[in-house]
1. Would you give the gap between the C-alpha center of region 47-95 and the C-alpha center of region 115-146, rounded to a whole Å?
2. In degrees from 0 to 90, rounded to the nearest 10, what is the angle of the helix 268-286 Cα long axis to the longest principal axis of the chain?
3. Looking at the chain, send over the antiparallel percent of its DSSP beta bridges, to the nearest 5.
4. Compute the distribution of all C-alpha to C-alpha distances in region 78-220, in bins of 10 Å from 0, and list the percent of pairs in each, rounded to whole numbers.
5. Name the residues of region 165-203 whose amide N is less than 18 Å from a point 7 angstrom out from the Cα of residue 290 along the C-beta direction?
6. Can you give the angle from 0 to 90° between the axis of helix 24-34 and the longest principal axis of the chain, with both taken from C-alpha atoms, to the nearest 10?
7. Taking 0.36 nm per residue of separation and subtracting the Cα-Cα distance, what length does fully extending residue 319 through residue 67 add?
8. Which of 250, 75 has the fewest other C-beta atoms within 10 Å, and how do the rest follow up to the most?
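No value in this document is a laboratory result; all are computed from the given coordinates. Keep in mind that what you see is a predicted model, and the values were worked out from it rather than measured. All Cβ positions, even for glycine, are placed from backbone atoms using ideal geometry, and neighbour counts span all protein chains on display.
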């Protein structure tokens, strides 16, 4: 017998900066002119953000003498698909972009997930930079390197861990963000507070009016605190190998199932808010969470004008036998499922996740999930 070993053990530094600043569109082009990281740049955006910011960024790149292309795809979660992924890859190939290219993602969470997945798969992986334009994208999709696309079976079931080279955040982008999408992002901000920063929850309670009036200083502080939670978790468990990173999915197991159940008509933040209501109720039912914290949990989501009940039409469907079966079918396709058990991130108190038998998730029986779901019907 002959035997060889392929020695691949090595240390790789994938660190990157998160820069919160003004006039990012102008700053980035000049920064890359001075310190180029690629021969050419593929700016990827959706049909709405491209008109607001993508075309301006493209012009700045051209004015800086950078070789750039602007690629767009239709707006909407339903377009985070294999079809759109393949179309973007094909456009880049036709444009002659090589492995010495870099993807620039400018947009919301769908754009970032899609552009990041394109970067991770194009010619086996090229660098990418993130410019989030929605609050949801700033505090969620932009940091952590999780990229991917949806399938008919559920959200983000095909994807990669692909860290960006840098993240550039400009809170001025939020001035054009509709209030519904501001609230959509607030669900993810609240999530980071619920799992690891009770002081952030206090900030949200005290500064709700300033947040809704888009006070730049308060928005920046809120975003910074939320990102700090996520960054510290990702540093310790980049690819969910120790399980710590799963705490970032608080509210998402139920939330993703509700998104799919609604045929993605529920905004992600809406679904996560409802998922957190269910998770907090289950945390209380098991005996992890106090009644005071359960009420406080709901109070903050109310204050942020996030939904705590399903729309009547969806609730009606979910109450039927066929609807319940469909909902649980989505749950059992969740990435956090282990064996035949649905595992959920649950709370011990506001600002702290319950660690159960050495794990950051808790196996939850169907009957208990059903009781938890009753809280949002």
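1. Centre-to-centre (Cα) distance: 13 Å.
2. In the chain, helix 268-286 runs at an angle near 40 degrees to the longest axis.
3. Close to 35 percent.
4. The distribution over region 78-220 is 12, 37, 31, 16, 4, 0, given as percents.
5. 194-202
6. Helix 24-34 and the main axis of the chain meet at about 40 degrees.
7. That works out to 85.2 nm of additional length.
8. If I rank by nearby Cβ atoms, fewest first, I get 75, 250.
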